[in-house]
1. Please give, to one decimal in nm, the separation of the simple spin-label points placed at A34 and R14, each 7 Å out from Cα toward the Cβ.
2. Between [x] 13.2; [y] 12.4; [z] 13.6, which entry matches Kirkwood radius over Cα pairs in Å as derived from the coordinates of this structure?
3. Just order 13-26, 38-51 by mean Cβ neighbour count inside 10 Å, highest at the front, would you?
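Taken together, the values in this text are just the output of simple stated rules run on the coordinates, not laboratory data. Because the structure is predicted, anything quoted here is derived from the model rather than measured. Every residue, glycine as well, gets a Cβ built from its backbone with ideal geometry; the counts of neighbours run over all protein chains shown.
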Amino acid sequence: MTEEHEHQQVKGPRTKKGLVIINTGNGKGKTSAALGVLFRAWGRDMNVHMF
């Protein structure tokens with residue numbers, strides 16, 4: 001397979017709504033999950049905050 005992958009375009013209008021995501025639970029993976037979502041949103045020029 002020699003297909004070149006392109007970035008997918010965001011479909012539909014962007015809304016100015018906020019979103020709060022809380023990662024909980026025992027064990028590992030919470031910070032990695034939060035950073036993954038944060039960097040993907042930041043890469044699409046969205047305002048992001050992590051506390």
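1. 2.3 nm
2. Given [x] 13.2; [y] 12.4; [z] 13.6, the structure-derived one carries the label [z].
3. Answer by packing, highest mean first, reads 38-51, 13-26.
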